Amino acid sequence: MRRARINMTYLFLLLAASLQITWQDSSASLEEKLFKSLFGTNAVYQTHRNGNGPLVVNITVIMSNVLDVDILKYTITSVLVLNQSWYNERLAWDEEEFPFNTVTVPWNSVWTPSYTVQEAFDVTWRVGSPNVVLHSDGKTEFQLALRIDSNCNFDLFYYPLDSSQCFLSFFSLDSKVSELEFSTSIANKILNLKREYLITNVNITTTGQRNMAQPYFAVMINLKNTGTRVLLSSILPSLAVEIADLCGFFIRLQDRLSYMITLLLAYLVFYSSFIGSLPESSSCNPLLSYYYTGLLILLFLSTAETILVQKLVTGSANLCLNYRFKAKKKGTSLASNDQLERTKDFKIKGK
């Protein structure tokens, strides 16, 4: 009885395994037939049109992170994901004939939108070979993760209390507006770490799209400087110099000139290193550079004033000494003349 049960169990397992192998073979065969039916018409070279109008590509931009902001080089490094979807009737199939809801194919086997980022100087794909998901109703989904190193025209006039807007302009240069259209939205998932710049908002803008010959959309990133350390390191030295300049009036005039010259030379060293570290451009320099330049001019005038006052005081003292010496000399000569006259009178009387 046990032997019969074991044989039945063994036969059942063999039957299930053979059915599974047969189902896998039939499924693989159906997938192969589906791929041949879909890609036998060169789907890679499909037209962009959807009937008589342009092909509409729905794009959801997910801004995941801003890795670096370099105001000295005017660059920004950002990471974003483009979730794209569109409909292509040529890539639809009948689920009764091919019982699959979705299939996944390599991205280079079907047509996908190509992009050029105007401000970027380096674009890296986070996934080397992303896949494309095809639905039975003709819907195509394509997710593209990008790391973009781009230029940004920072507005640094009020540095270190500045706010700027950086743009990532996406163009599809191999298509025309009559062939391709972008319908964009954004989902912010920014990880704001403890950095100098804070990302306050990310928006999608299409300003000027009507004047473009190619499909276009732009991601606008709003940045705000929150660097308290930079603020303290740039303001406190100026306050220290002003206090030191005021304290110079409590020093004796004989020692004040050397004190002011030492203060001026020390500030010149600080000024040259600090101005060299400030960001600058051909369009605008930070207001802080004008502030420190004005402080240098005032310190120079204060030193010149000290030299002039010391010169005047020294000149007045010498003038007083000369006047006293001349007066004393004149008095001595008058006394001598009187003595001589008295001597002469005495001699005359004696005769």
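Of note:
- Those residues of the stretch 101-133 which are among the aliphatic types (A, V, I, L, M), in a strand (DSSP E or B) and open to solvent by 60 Å² or more (accessible area, probe 1.4 Å), in sequence order: VAL123
- Near pairs, Cβ below 7 angstrom, 6+ apart or cross-chain, from the stretch 230-252 (over 21 Å from ILE275 (Cβ atoms)) to any residue that is open to solvent by 30 Å² or more (accessible area, probe 1.4 Å) and of a type outside the set (D, E, K, R): GLY248/TYR259; ILE251/TYR259
- Scanning the stretch 250-261 for residues that are in a helix (DSSP H, G or I) and either over 11 Å from THR303 (Cα atoms) or not assigned by the TED database to the domain that holds GLN310 (or both) yields PHE250, LEU253, GLN254, ASP255.
Conditions (1) at pLDDT below 85; (2) in contact with a strand residue (DSSP E or B) (Cβ under 9 Å, 6 or more places away or on another chain); (3) closer than 21 Å to LEU180 by Cβ, marked per residue:
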{"residue": "PRO99", "(1), (2), (3)": "yes, no, no"}
{"residue": "PRO113", "(1), (2), (3)": "no, yes, yes"}
{"residue": "ASP122", "(1), (2), (3)": "no, yes, no"}
{"residue": "PRO130", "(1), (2), (3)": "yes, yes, yes"}
{"residue": "HIS135", "(1), (2), (3)": "no, yes, yes"}
{"residue": "GLY138", "(1), (2), (3)": "no, yes, yes"}
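- Matching residues, the stretch 52-100, being farther than 30 Å from ASP155 by Cβ and part of a strand (DSSP E or B): GLY53, PRO54, LEU55, VAL56, VAL57, ASN58, ASN83, GLN84, SER85, TRP86, TYR87
- Qualifying positions in the stretch 244-288 - open to solvent by 80 Å² or more (accessible area, probe 1.4 Å) and over 23 Å from PRO160 (Cα atoms): LEU246, PHE249, PHE250, ARG252, GLN254, THR262, LEU265
- Extreme residue, farthest from the chain's Cα centre (by Cα), among residues of the stretch 262-280 that are part of a helix (DSSP H, G or I) and under 15 Å from LEU72 (Cα atoms): SER273
- The combined condition, being in contact (Cβ under 8 Å) with a residue 40 or more places away in the chain and either in the same structural domain as ILE186 (by the TED database) or touching a Phe, Trp or Tyr at 6+ places or on another chain (Cβ under 7 Å) (or both), is fulfilled by VAL105.
The values are calculated or read from the model by the stated rules, or taken from the named source; none is laboratory data. The structure displayed is predicted, hence computed values, not measured ones. Note that we place each Cβ from the backbone using ideal geometry, even for glycine, and neighbour counts take in every protein chain shown. Calculation scope for accessible area: heavy atoms of the full protein, side chains included, ligands and nucleic acids excluded. Shrake-Rupley method; radii C 1.70, N 1.55, O 1.52, S 1.80 Å.
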